[in-house]
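Derivation of every value follows stated rules applied to the coordinates shown; laboratory data play no part. All values derive from a computational prediction rather than experimental measurement. Cβ: placed from backbone, ideal geometry, glycine included. Neighbour counts: every protein chain shown.
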Amino acid sequence: MNLQPITDKEKQIAHWLFDLTIGVPHSGASFFGHLYNTFFLLKQMGVRESTCIAGMCHALYGTEFFRFRSVMEREQLQSIIGKDAEELVYLFSLPKRDQRIIKNTENLDEDTALQLLQILYANGYEQSNKIKYETQIHWEAAKMHHYKLEKIIIEKGGRILE
């Protein structure tokens, strides 16, 4: 698959994000590195720009697994990354994220549900080699979760990594 070129808007957001997250650790590396690598995986998957940007910013409101110090208002982030991308970031930050996204418990439209699945997939894929699993059983469970996401995304007509 050919990598989509990085747009000027994506470059501007990446520079802004780097300054915002400098020095913040995440998964044994930098928070910016995690966010940018998640974005890059989504670019490799060939998803739309707003989904890629949401992936680049997916944890700016924090998640149930990661706390970030930002006190940014939704309107402020919308003005930087766009309303569609910000809506995905917000939905990604809500509690019980994996369960809500996989089962679509919010009854989101199919397009939004697929975009969130793709962000969840890229996020997990990006971290999969960094996380130290306590046991082989934990590793196997994580792999099964990943395969389940791939299957759901494919069933919905979305793209996964090759």
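Would you mind calculating the relative contact order of the chain from Cα pairs under 8 angstrom and at least 6 residues apart, reporting the percent as a whole number? Walk me through the numbers on the way to the answer.
Details: 169 pairs, mean separation 37.0, N = 162.
That works out to 23 percent.
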For region 1-111, fraction of C-alpha pairs farther apart than 23 Å, in %: 26
Peptides 118-124, 86-92, 18-24, 5-11 ordered by average Cβ neighbours within 10 Å, highest first: 118-124, 86-92, 18-24, 5-11
Rel. contact order, % - alpha carbon contacts under 8 angstrom, at least six apart, region 1-50: 46
For region 20-34, 3J(HN,Hα) per residue [Karplus equation, 6.51 cos²θ - 1.76 cosθ + 1.60, θ = phi - 60°, Hz, x = Gly/Pro]: 5, 10, 3, x, 8, x, 6, 6, x, 9, 8, 4, 4, x, 5
